[in-house]
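The values are calculated or read from the model by the stated rules, or taken from the named source; none is laboratory data. Only a predicted model underlies this, so the values are computations on that prediction, with no experimental measurement involved. With ideal geometry, Cβ positions are generated from the backbone for all residues, glycine too; neighbour counts draw on all protein chains shown.
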Amino acid sequence: MKIEHFAWDVSEPQSLAAWYVENLGFKIVRHVPGNAEMHFLTDDSESVCIEIYRNSLIEKTDLAGMHPLVMHLALASDDPAKDRDRLLAAGASLQSEDKFDDGTYLVMLKDPWGVSLQLCKRGSPLL
């Protein structure tokens with residue numbers, strides 16, 4: 001098996017999807033309008049999707065209050081410092097920044113809706 005998508009329920013799926021398109025370079029591959037406002041987004045690999053939607057029947061998770069290590073979207077970055085600064089200017093907030101002896105550089109941010117994003121430059125490739 002391989003991952004098709006992972007999903008999270010947010011209060012403003014249209015705004016969050018638009019921010020990911022503009023600031024992360026994602027592409028909306030499917031939009032299902034209506035109460036749920038489902039958006040399926042992919043990165044430039046087009047091999048896996050994230051689903052952003054709104055479900056009015058369930059209680060919202062406090063993404064902004066959740067520690068970033070509980071759940072985060074990790075993104076490969078050639079220059080985490082440059083991407084950090086660009087995303088901060090676009091409304092993200094810095095959570096942590098770590099450099100490791102093997103050359104790995106990790107920057108943890110939260111997007112404007114509280115979803116945790118990790119910018120990763122690995123000292124050696126993960127895959």
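One table, with the values for the structure above:
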| quantity | calculated |
| --- | --- |
| Residue tally, condition within 23 Å of L127 (Cβ to Cβ) and of a type in the set (D, E, K, R), over segment 50-78 | 2 |
| Residue within segment 27-49 that is free of Cβ contacts under 8 Å to residues at least 60 places away in the same chain, aromatic (F, W, Y) and more than 22 Å from G123 (Cβ to Cβ) present | yes |
| Candidate set from segment 58-94 (those that are closer than 14 Å to W8 by Cα and among the aliphatic types (A, V, I, L, M)); member that is surrounded by the most Cβ atoms within 10 Å (Cβ to Cβ) | L63 |
| Entirely in segment 84-127, the strands (runs of 3 or more DSSP E) that have 3 or more residues that are over 22 Å from I50 (Cβ atoms) | 93-99 |
| Test: E22 is without any contact (Cβ under 8 Å) to a residue 40 or more places away in the chain and either in a loop (DSSP other than H, G, I, E, B) or surrounded by fewer than 16 Cβ atoms within 10 Å (Cβ to Cβ) (or both) | no |
| Any hit, segment 95-105, residues being at pLDDT 95 or above and crowded, with 16+ Cβ neighbours inside 10 Å | yes |
